[in-house]
Structure formats: C-alpha cells, structure tokens
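Working notes for the structure below.
What follows is calculated from the coordinates using simple rules that are stated; it is not laboratory data. Predicted, not measured: the structure shown is a model, and the values here were computed from it. Backbone-built Cβ (ideal geometry, glycine too); neighbour counts: all protein chains shown.
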Amino acid sequence: MALEKRYQIKLDNMDKKVQSQNPKMTFKQGDCNVYPIEITLLSGGEPIDLTGSTVTFISKTAKTSKEIAGACEFKDAPKGKISYTLTTSEVLEVGKVEAEIICVKGEQQLTSTRFSYEVEDSISTEEAVKASTEYGVFLEALKNVGSGGGVVPAPNGVVVEEKTLAEYEALAPDDSDETIYLIPRT
C-alpha cells in the first residue's frame, strides 16, 4: 500500500448535483506528494474528451488568495480522467482552499466548476523535541559514579540523597519513566 490519501471526485459543468456527491477532502498542512486527487471531468453527465488538451489544476488559498497552478496527469484522456497530486504549496495554509481545472485545446479554454478542500493544521513542527528514554543514560551515569554513591542534583538545582548503585537500580524498574540526574562526588 502506498503512502498516500487518495480522493476520487467528479466535476460536471452542467450538473452541480454530481459535485455534491463528492467526498469532503481534508489534508494536513505541510504534507507533500501524498495526496493524489483523481478527477473525472463531465459535461451533462458525459465525459469530456481531453485528448490533445493541456490540463492545469489551479488553487487559491482563502487567507492570502495566493494562486498555485500545476499540470495534471492524464489517466484516460478520452474519458475525461485526470489526476493531480497536491504539493506542499497547496497544503501550506490552514483553511479552505478553492480549486478549478482549466482545460486548453487549441484556441478553446474550458474551466471546470469550482471545488474546495480543507487544510488542517498539523501538530508536528520543526521545534518538536525528539522522544527518548533516559533510563539507559541513568544507568551509565551510575556506573561512572561507582557503587560508592554520589550526590545527585537535578537540573533545577535540587539535590537528592546519596545512594549506592544497587539502591538506585532497585528504585527504577525497567518500565520507569522517571529521570534521575547524577554527577560524581567531588
């Protein structure tokens, strides 16, 4: 299974009821190249023959009204089937994004009915702290202190009581998520 979230929609320039049957499309802010939208272009229920056409996906964000355009991939041109995979630019801003498909063939241009999708914010940021388990670091520090014990200050300056290595190991079971900071005695 591919790493993607795929939507299939139909756009009919003559019958807006067709569009109302499309799924609500929701994407995550900042994701990239994982959102293919398979689109069938219709006119009065009949497929639009896209043979020999240039087909462009164009979107506009609600907040900045920034327009973004990209070339669509043909899946079955005579049956009006195309695909477009959203890029980071199209899911950069949180909120409603409106889009259209523009088909150009020779001197003719046809713009699809407008459709939209939502971009949700992501809790993932570049500032996220990497998750880690401190217990292994704790045991290594205890071994460095030695079995004679040592003073154990926490980062906030609090000093905990002096214990031997065996006493510390007995306090922290394997599934412990407590962090104990150690420094050698001076």
With a sphere of radius 14 Å drawn around the Cβ of Ser53, what net charge do the other residues whose Cβ falls strictly inside it have (Lys, Arg +1; Asp, Glu -1)?
0
So, in nm, how far is label Ile102 from label Lys5 when the simple model puts each one 7 Å beyond its Cα toward the Cβ?
2.8 nm
Roughly speaking, what is the centre-to-centre gap between region 70-96 and region 2-47 when only Cα atoms are used, to the nearest Å?
9 Å
Let me check I've understood the local charge: for Lys96, count other residues with C-beta under 15 angstrom from its C-beta, Lys and Arg +1, Asp and Glu -1. What total comes out?
-2
Give me the number: length gained by fully extending Lys28 to Ser65, i.e. 0.36 nm times residue separation minus the C-alpha to C-alpha distance, one decimal in nm.
11.4 nm
List every residue whose amide H lies under 5 Å from the amide H of Met25, counting only residues 5 or more places away in sequence or on a different chain, with H placed 1.01 Å from N in the peptide plane.
Glu118
